Amino acid sequence: MQVAIDLPSDFTQLRGYGQIVEELRLSYALRLFKTSEVSLSKAAEVAGMDLYDFMSACKQEKIPVIDISKEELEAELAGMLSA
């Protein structure tokens, strides 16, 4: 599916068309992931990136990729150590 938006012509002077498209796709994918509307892998697909590059973009935007509390993580680790 394609989505078209109108931007002021001076926007394309700041960045090329391809860069604008990449930035919009990434921004949309980050929002979808941050609001838990899509999985990490689906968001990476929307952004047109591989999983590791998308995770790096999440880190840069301070969006956690692992949704687990400190207590849950400690319980997991304790369970692994006792096994």
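One table, with the values for the structure above:
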| read-out | value |
| --- | --- |
| Failed criterion for G18 (all others in (1) within 10 Å of the chain's Cα centre (by Cα); (2) exposed (fewer than 11 other Cβ atoms within 10 Å of the Cβ); (3) not hydroxyl-bearing (S, T, Y) hold) | (1) |
| Total residues in the stretch 18-51, condition polar (S, T, N, Q) and more than 17 Å from P64 (Cα to Cα) | 1 |
| Complete set of residues in the stretch 52-82 that are surrounded by 10 or more Cβ atoms within 10 Å (Cβ to Cβ), part of a helix (DSSP H, G or I) and modelled with pLDDT of 95 or more | D53, F54, M55, S56, A57, C58, K59 |
| Which listed residue, of L30, L51, L40, is under 22 Å from the mean Cα position of the chain (by Cα), in contact (Cβ under 8 Å) with a residue 24 or more places away in the chain and over 23 Å from I20 (Cβ atoms) | L40 |
| Qualifying positions in the stretch 11-38 - over 19 Å from M1 (Cβ atoms) and not in a helix (DSSP H, G or I) | R15, G16, T35, S36 |
| V46 vs. criteria open to solvent by less than 70 Å² (accessible area, probe 1.4 Å) and not small (G, A, S) | yes |
| Subset of the stretch 1-31 (residues that are farther than 26 Å from K62 by Cα and small (G, A, S)) | A4, S9, G16 |
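The values are calculated or read from the model by the stated rules, or taken from the named source; none is laboratory data. From a predicted model like this one, the values you see are computed outputs, not experimental measurements. Methodologically, a virtual Cβ is constructed for each residue, glycine included, from the backbone with ideal geometry; neighbour enumeration extends over all protein chains shown. Note: accessible area is taken over every heavy atom of the protein model, side chains too, but ligands, DNA and RNA are not part of it. Shrake-Rupley method; radii C 1.70, N 1.55, O 1.52, S 1.80 Å.
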